Every structure is written in structure tokens, then in C-alpha cells.
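Report on the structure given below.
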Protein chains: 4
Amino acid sequence: MLENYVKVGDNVLIYFTNKKKWLVKVSTDAKFHTHLGYIELSSIIGKEYGASIKTSSGERLWILKPTIIDLICKAERKTQIVYPKDLGMIAAITGISSGSIVVEAGTGSGALTTFLANLVKPNGHVFSYEIRPEFIEIAKRNIDRAGLSDFVTIKLADAKKGFNEKNVDAVIIDLGDPWTLVREAWIALKGGGFIASISPTMNQVEKFVTELINTGFVNIESLELLLRNLEARTGMTRPSFRMVGHTAYLTFARKVFPERVERLNPIS
Amino acid sequence: MLENYVKVGDNVLIYFTNKKKWLVKVSTDAKFHTHLGYIELSSIIGKEYGASIKTSSGERLWILKPTIIDLICKAERKTQIVYPKDLGMIAAITGISSGSIVVEAGTGSGALTTFLANLVKPNGHVFSYEIRPEFIEIAKRNIDRAGLSDFVTIKLADAKKGFNEKNVDAVIIDLGDPWTLVREAWIALKGGGFIASISPTMNQVEKFVTELINTGFVNIESLELLLRNLEARTGMTRPSFRMVGHTAYLTFARKVFPERVERLNPIS
Amino acid sequence: MLENYVKVGDNVLIYFTNKKKWLVKVSTDAKFHTHLGYIELSSIIGKEYGASIKTSSGERLWILKPTIIDLICKAERKTQIVYPKDLGMIAAITGISSGSIVVEAGTGSGALTTFLANLVKPNGHVFSYEIRPEFIEIAKRNIDRAGLSDFVTIKLADAKKGFNEKNVDAVIIDLGDPWTLVREAWIALKGGGFIASISPTMNQVEKFVTELINTGFVNIESLELLLRNLEARTGMTRPSFRMVGHTAYLTFARKVFPERVERLNPIS
Amino acid sequence: MLENYVKVGDNVLIYFTNKKKWLVKVSTDAKFHTHLGYIELSSIIGKEYGASIKTSSGERLWILKPTIIDLICKAERKTQIVYPKDLGMIAAITGISSGSIVVEAGTGSGALTTFLANLVKPNGHVFSYEIRPEFIEIAKRNIDRAGLSDFVTIKLADAKKGFNEKNVDAVIIDLGDPWTLVREAWIALKGGGFIASISPTMNQVEKFVTELINTGFVNIESLELLLRNLEARTGMTRPSFRMVGHTAYLTFARKVFPERVERLNPIS
């Protein structure tokens, strides 16, 4: 349980409300300033996670260990985030877990990479492809901050030219033209392995599914998840008035070995 | 890669369409009958996962390794299933992963238990409480079939009387009166640890959230996920006409140490 | 108030539950049979609407005057129904009401026609185009049963060849290729008049909106409505588990006179 | 068609985009200022609706006749608006149309009143109850601007003390405690007439439905509508990222004459 106490160098989540929370690195000689007053970071060293501290203005803040989602949501980024609901669905459908070997196309800022690495640790690995060097630097910093660098290899390479890995459990595509990678994903996957793609538009899904059918995938499923909060208060419980209307469609399929090319109905 | 070939004793998924698929245990001397004709199970031994086989009627079936969701959906059960979207959200929000120590209240048929065990393996553990002996037998068979028995301890005990485990990462409640367990969950959790509950009605959420606020939890969030399939076909793409309207509300919160009891706003 | 009593020849709604209700024409000498026993139709003549009657098996049934939606939902039909939520949205957005002149393309079984006629009565009119004579017969019977024949003119003619009406308030399209009618609708509409279309797929919406932009429409909006029932029971209130996932997208726009052709942004 | 030309005193909708539009009263000697430059209102007199005008900065604005929804959305108000989707659903389910006699409890700013008046004109009437004089003034101005004053009577009276009207077609309740009006609504309604209520929380629906069951209503249905826009652009069509998560639950039921009080199941 010693790890449940704040140490110098920890990234801690300073929590005020669900909307107001900050990810802060603990040092011995810095103040952390908010609109609620400041705190001396040295004063939280040695505290148990779950404890609180008062700001200079007397507001109570809570010291929490950041979850993997906190780390992702507070990460440095230049790209669209992948939402927790979509990350969770990828985990559930593909079954990616400790020991899995996963290939990712499109590292971006490393949000999905971080999530996948946390699932496959300590015995699996994520190989992530990215062609923009500047994103690789950001992603590496984010993954490192989450303490997951040992489980990730980022490659400066064009996924369209093929993956070096073979017999992998899953290939996850977070790029705008996922249909261009279907053949290469098929080659990299083990039999029955999963391809998954994250796409905001229906036209992308349409093209991707067509390519999956033609290449040798079954169990094709496209879906979207709508998340709505419930505001529970005694005698006045109702859904939240605000809601995100759309993030992305998720498409999943599993590699098979078709002895002859034939049409595999993705829907019936 | 030898594990990607079918062996005697394997539980394999025989796939025809997204709606027609079966979980079958491979033996040397049995036929598997479907409305599409039968197959000799001995004939698939040694095949690579992802290969196909023709039935006696000439229909092609695909041999897939069941995912954790396939195992859960095809499990023996007497209880309401927890849906993949909800399982995935629990994984994403709580960050439960390899090494986590999780307590579950309400083993039921072991569906959630199985999912959690797959996440925490190989270094974590799930302790699951159930007061109905007949459910424990079903759950054990299901968890065993998924190959996850080493990571689960099922206890014939009333969770309302308290959990033996301390400093756990998460307590997951799948019972009809989750508010009765909030105090015991608080005691079992480490600081910052997650409580999560799965409830079909708003009234349950209302009572549970009230208890969370009064006991010492922050970052309280209740939500529901609506899953809708997209039927992608060239030039005719549209959402599915059929959809599940509701499964359950999920509520999450994190344990803190309130120095004095005070109202913690769950919403703002 | 004499009209609130059952007369011979009335079409009455026999109500048992929300799922079990029947539209029946009252005569002096017939029995109405259900799985709950039968009733003598003569016995309800002279009853006030809202009264009940017992079947031969002692079950209580309620006598209600059918609403316009009851008439539509119980109508004879060979086509996909338009759902109440979508009908209501068309009424709300276009403001079609007493006195409006409306053109409909695609009479089908007359469901939408019936709804529109009920809105425009007693001073407006619906002109509905249909090329399949067998549908016109069905639609006429349905509209007649709703008592709205005076407010509808059905034409056996191809809407693609143009509408005879000019300066109309709205053109409503319920056909598979709505983009082929945009130019003709523009000609028929008064300045500021509404075009509306009902389409199940996104590809249809995409083509229709493109044509709207190019032809001279503004205030273009495409949307879908998801209806979910709430099952309200003391202490156990929750959304319904069953739900229709999709019916159709609705697209609305208003005619303008572009002095020069220019791109009108449909979204921002 | 003379009415399709702009006259002095008309309330016109000046349209720029779906998000930027203004309701303006036309006079002979005023300028209308926007961030896109100004226009001389005198210059649009005599123009046909659907025409455009350039601002002083050269931006093109469109002159449209406001719809009933435009009038409602741009009305002066101090209360929560009722959304078009919900207004339309009330119209569709109750069948309120020309000639209907409707009672409204809770005039508020008159948005729902205006919508109902537009449906019942020219032969029906809306009787609306409000206890706050200051709201009555606002509502009267809004209804007058929509040109519907002849079809509305607003009463400064407490609906809880009963309605003067009898044998009405529908009673629509837009108050926070709709269950307190169920008995009075039952008395005012004709047999088979509709009661409808608009409530943001589930607790309100729960109490209201319980009272409906106990008082003598059948065909009870509670529902919510979720509206999502579709952004249709060639090759990039997707749902809108922004969406309203919740407005209100709608509950509908029909008056019957129970000979003896008995439990009527609202759900099965």
C-alpha cells in the first residue's frame, strides 16, 4: 500500500468538481495555482490518495491518483480525442487484455495507444505506426507520463506499406482512410484476429465495410454509442440537458481464410 | 502460434452470421447439428482458427476462437446479462487492468466476473460475493470454461455484512439495492478507489447517489449508453431499424477521506 | 356533444391495452371477436365515447373515438408507415395548418396524406401524386374512412414531370429518389415555401441536400428523431427495453429566389 | 398571392444561416443592424418573400415569412421553451387540429399556446390558465404578434381550482406538479379526450402516471424524443457533434368512465 501515498514526481489528479480537475506533477518547490486559490505542492507529499487539501482561499481539493482516462483526457494533444465509451467498446468487443499483441495505425497523440498499452501490460505489446514525426514526439511524452513506455513501440512508417508484425491479435485503425489498410491488416492478423476502425463519417464506414467484405473478414459490425448522463437528485432526477451528439462510428470484423472469394453478408 | 490451431477440448465459436453462431466444445466423436446441416467435430481438429468447414448441406461455417464476450453471451445463465457496451465502459472509467484487485457484489451467473477476471489477469484478482449457492455453481462453470478460474474467488457470503478484502482498487455492485453496500464498499476500497454500480431504474440511481454523497465519495457520475448499429451498404447506408432501448444506468464514484461530513455536489 | 356518442357506421377504437386495440366499424347485426371473447356491436350504439363494455368472457374493453394516428396506424397499407414522431415534426417545422395548400409526392397508402389533410382542413387542400393506380385505390379508401376526402385530390401522374399547382405552401416528398423532384418542387412552391423529404438512408439525404443547395433553397436542415418510452411505475421507473432504432431522416428547406447561382452553406 | 409580398408592419424573418436569423418588424424609417452590416427596412417593402437583400457590407440576407416555430423561438420569454419536436408530437398524438377545443394549464410565455392556437384555427379555441399576471402580459404580446389572438382566451386563474370549460378535446399541462390537476382535467374532458403533460424529471412522470391510473385514464404513454441533426455533405456525411441531451418527457392518456375504480396497467 505504500504506492497509495503521494511521492515526489507523481502525476496526481487535483479534483474539485467533475468539470474542474487538473493533472499536476508533484515537486518539492512549486505552487499550483487555480481560480480557487493556490496550494503548495510540497504539502501533499506523503498524503494518502483520497485525502484533501485546502487552498489558500480555503477551498477543499481532493488528491486522486489519475486513472488511465484522466491521463488520456489531460494529455498533450493536437488530434481529436477518442472518447472513453469508444475505448471501452474496443476493449470489450476485441477482448484485448494482458498478453495481447496489437498493431495500431495512426498514433496521433497516443491516446488510444495509451489505453491499449494499459490493457496489454505486462505481457503484451502495442506496435503503433505514424508518419508524422512531430506527433511521435507528443505521443511518446504522453505514454511515458502514463508509465507505459515499456509496452509500446512507435514506428515512423507508413502503415499503407504494410506492417512488420505477423499473427497479431488485433489491428486498430484511427485514420481517415481505413479502407486503404484492410489488405495489410489482413496479412498482419492471425486467423480470427480483429480489425477495428474509428471513423466519424458514414461514407468512411461504407467504404471500409465494402473492403472488409471483399478481403476476407466476417462478423462485421458497425455501431455508434450515445452517452447520456443522468443527473440523480432526490425527487428531481432527469437526463442531462447537454450531450455529445456524435463522436465516431466503430467497425469491427474478424479475419478468416476464404478458400474462394465470395460475398459475405455483413448484415443479415 | 500452435495455440491458434483447434485442439480437442477447445471451446470454439462456429460462425455463420452475426445472428447465427454457436459455442461448441470440440471432441473426437460427436456431430454438431444446425438447421444448416451437421459437421463432424473431429474434422475441425488441427484446423487453423479462421478456417471454414462445410456442413453436410454444403453451407460454409467459420471456425473462430471465442472472445471473452462470446463466452459471456453464450454462457449458461439465469440472470440478466450485462451488455458489452456497459462492460467496456466499466473497464474504461475504472481503469481496471492487469494487476487490479477487484471486489464484486452479486456474482449471478458470473458474466461480469468473467469480464473482470480477463482484465485483471495474470497478476490481479476478483473476489466475488454471492448468497445463492445455486448461482455460484453456474458462475464457476462459466468462469472455468473461459479459463479464468485462477483469477477469481467466489464467496458464499452476504456482501451487506462487509467485505474481507481491504485496500482494493474497485468495488463493482450488480445488485438491486446498491445503496445498502455503500458503507461497506467505502471500507474495502483504497483511497481514490472506484465504486461502480449497474442499475436498470432511475430510482435505484437516485438512492445510490444520495448514499454516495453522504458516505465520502467524489467524482460521482451516472450515465447510460445507447448502442445503435449502422448497416453499411454501398449507396444505402442507414442505422439499424432495431435497437435495444435500455439496459442499465452505470454509476461511478471514487472514495475520499472526508475530514468532516459535508455535502459534495455530484453534478456541477 | 351529440357527436360524442357512438352511431351506426362510426369507426370506433376498441381499446384493451396499448398493444391490443382494434379499429371496428359499428353495425347493427355483427359480433366483434377477440381472444378476450366477443361483443355485440349493436350493444355499443348510443354509448358515450369513453365508456366500457364487457366481452362474453367478462373482459372490459373501452370504446374510444379513433385519433388521426389510430386511423393511420390501423389503415390498410402496402407501404412503410410514417411514424407519429416524424409526422408531428413535419407539422411543427413547416407550420402546415388550416388553410395550407400542400403538394405530396408519393401517395402510397395515404398515411401521410391523411395526416396532412387533417392539418389543412377545412380551408386548405392536399394534392397528392402517385403513379401506381393500385395504391391510389387503397389511399382513397383510407382517406375516406378518416372522413377527409374533401380535402384531398389524388392524381395519377408522375411527379417527376412537374406539379400543376403553383404558389403552394409546402411540397412533401416520400419517395426513394427525392433529389429528382427538387427542381419541380421549387417551381411549385411560393417564395419561402417548404420542401420536406422523408428518407431512410444517409445516401439519399446526401444527394437531396446537394440538389437543394444547387437549386435555390436555404434553411436546409436534416435530422432524425429517436423515440424512447419511459415506463413509469412507483419506485421502478426506467426507459423501455425495446425501442425502434431508426425510421427515417427528415430534411427541410425553404425556397428562395437566388439572383445568381451561388453556394449556400447548408450546415453552418 | 398578394399576401406573399412584404408589407409595412409585417414581422419578417431575416435569414443568414441556420444559426443567424432575426425576427424584425418592417417599418418605413428604420435601419436593421447586424454584425454583417445594416439594411434599410423600407427597402424590403414590396419584395416577394424568398427574395434577398444585400447589407451595407455586401452580405446577402434572405427575407422569409416566419413560421409558427420561428415566432415561438424568437418570442419574448421568461420561461423554458417547449421544443418543436415536443410540440409536433403533441399535435400528432392528440390529433388537435382545426376546430379542437383545448385547455392549457400554465400559459407561461405563450409558446405552447401559440402553437396550439395555430392548430385549432379558425374554428377551435384554446383556453389557457395562468396565475402570474406578468406572464399573461408577455404571452398576450407573443400571441398577438403571431396573429392568433382570436383563437386564445387567457385566464388569470388557478387551474388547480378547476376549469370552467367542459367536454373539451384535450387538456395540456405545462406545470411542475401536473399530478395535482389530473382530477380537474378529467372533469373538463369529454369521454376519450386527451390529457398531456410536459415534465423534465422522471419523478414528475412517476407521480403523474400514478394519478392518471387512479383517476380514470387509459392508453397512458410516457416518452421522450431525442433529436439529432445529420450534417449531409458529399462524401463526409455524419451526425452533428452537438446535440441537446434532454428537453422533457411527454405523457399522454385518454379519459374513460370507469364504472368501478380498478387498476389500469399503464405499461403492458
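Remark on D:VAL103: its backbone amide H falls under 5 Å from those of D:PHE127, D:ALA170, D:VAL171, D:ILE172, a criterion applied only to residues 5 or more positions apart or on other chains, H modelled at 1.01 Å from N.
In percent, rounded to a whole number, the relative contact order of the range B:123-268 is 22, using alpha-carbon pairs under 8 Å and six or more apart. Considered as an equivalent ellipsoid built on the Cα gyration tensor, the range D:112-268 has semi-axes of 29, 25, 15 Å, the largest given first. Phi angles of the range A:104-112 translate, via the Karplus equation with coefficients 6.51, -1.76, 1.60 and θ = phi - 60°, into HN-Hα couplings of 10, 10, x, 5, x, 8, x, 5, 5 Hz per residue; Gly and Pro are given as x. Using a 7 Å projection from Cα along Cα-to-Cβ, the label point at D:GLY58 is separated from the same position in the remaining copies by 5.9, 7.2, 8.6 nm, smallest value first.
With kT/(6 pi eta Rh) evaluated at 10 °C and eta = 1.306 mPa s, and Rh the Kirkwood radius from Cα pairs, the range A:1-145 diffuses with a coefficient of 95 µm²/s according to Stokes-Einstein. The Cβ shell under 10 Å around C:VAL209 holds other residues with a net charge of -2, Lys and Arg each +1, Asp and Glu each -1. Have a look at D:SER100, D:SER43, D:SER149 and tell me which one the Gaussian network model of chain D (Cα, springs below 10 Å) gives the largest fluctuation. Greatest mean-square fluctuation among the candidates belongs to D:SER43.
With a threshold of 30 Å on the Cα-Cα distance, the over-threshold entries among A:LYS74/A:LYS207; A:LYS78/B:LYS85; D:LYS121/D:LYS160; B:LYS25/B:LYS190 are A:LYS74/A:LYS207; B:LYS25/B:LYS190.
For the protein assembly as shown, the fraction of alpha-carbon pairs lying more than 60 Å apart is 15 percent, rounded to a whole number. Centroid-to-centroid, using Cα positions, the range A:95-170 and the range C:181-251 are 41 Å apart. Helix A:84-94 and the long axis of chain A differ in direction by around 40°, with both axes built from C-alpha atoms. Taking amide H atoms as placed 1.01 Å from N in the peptide plane, the amide H of A:LYS155 lies under 5 Å from those of A:SER128, A:TYR129, A:GLU130, each 5 or more residues away in sequence or on another chain. Placing a label point 7 Å from Cα along the Cα-to-Cβ direction at A:SER43 gives distances to the equivalent points in the other copies of 6.3, 7.6, 8.2 nm, listed shortest first.
With contacts taken as Cα pairs under 8 Å and at least 6 residues apart, chain A reaches a relative contact order of 13 percent.
For chain B, a Gaussian network of Cα nodes joined below 10 Å ranks B:LYS155, B:LYS19, B:LYS54 by mean-square fluctuation, and the top entry is B:LYS19. Sorted from nearest, the other copies put their C:GLU3 label points 2.3, 7.5, 7.6 nm away, the label point being 7 Å from Cα in the direction of Cβ. Summing +1 for each Lys or Arg and -1 for each Asp or Glu, what net charge is found among the other residues whose Cβ lies under 13 Å from the Cβ of A:GLY162? Net local charge, A:GLY162 excluded: +2. Peptide C:245-258 has a mean shielding of 5, counted as Cβ atoms of other protein chains within 10 Å of each residue's Cβ. Neighbouring Cβ atoms from other chains, within 10 Å of the Cβ of residues in D:79-92, number 5 on average. Here the Karplus relation 6.51 cos²θ - 1.76 cosθ + 1.60, evaluated at θ = phi - 60°, turns the backbone of the range D:240-256 into coupling constants of 5, 6, 9, 7, 7, x, 6, 10, 6, 8, 10, 10, 10, 7, 10, 5, 10 Hz, with x for every Gly and Pro.
In order along the range A:207-217, the phi-based Karplus estimate (6.51 cos²θ - 1.76 cosθ + 1.60, θ = phi - 60°) of 3J(HN,Hα) comes to 5, 5, 5, 4, 5, 4, 4, 6, 9, x, 10 Hz; Gly and Pro are listed as x. Excluding the site residues themselves, the longest part of chain B lacking any GluC sites (Glu not before Pro) in a DSSP loop with at most 12 other Cβ atoms within 10 Å is B:77-258. With a sphere of radius 13 Å drawn around the Cβ of B:LEU116, what net charge do the other residues whose Cβ falls strictly inside it have (Lys, Arg +1; Asp, Glu -1)? Every neighbour counted, the sum reads -3. Here the range A:2-66 was treated as a single set of alpha-carbon atoms; its pair distances binned every 10 Å from 0 give 23, 62, 14, 0 percent. A cut-off of 5 Å between modelled amide H atoms, ignoring neighbours fewer than 5 places along the same chain, links D:PHE217 with D:VAL256. The residue in chain C that lies nearest, by its beta carbon, to the axis linking chain C with chain B is given here with the distance in whole angstrom as C:MET243, 3.
Here is how the number arises for chain B: DSSP H runs of 4 or more residues each give -39500 (n - 2.57), the sum is divided by the residue count, and the result at 222 nm is -6500 deg cm²/dmol. So for chain B, what percent of the C-alpha to C-alpha distances run longer than 36 Å? Here the tail beyond 36 Å accounts for 25 percent of pairs.
No value in this document is a laboratory result; all are computed from the given coordinates. All values reported here derive from a predicted model rather than from experimental measurement. Counting neighbours? That spans all protein chains shown, and the Cβs are built from the backbone with ideal geometry, glycine included.
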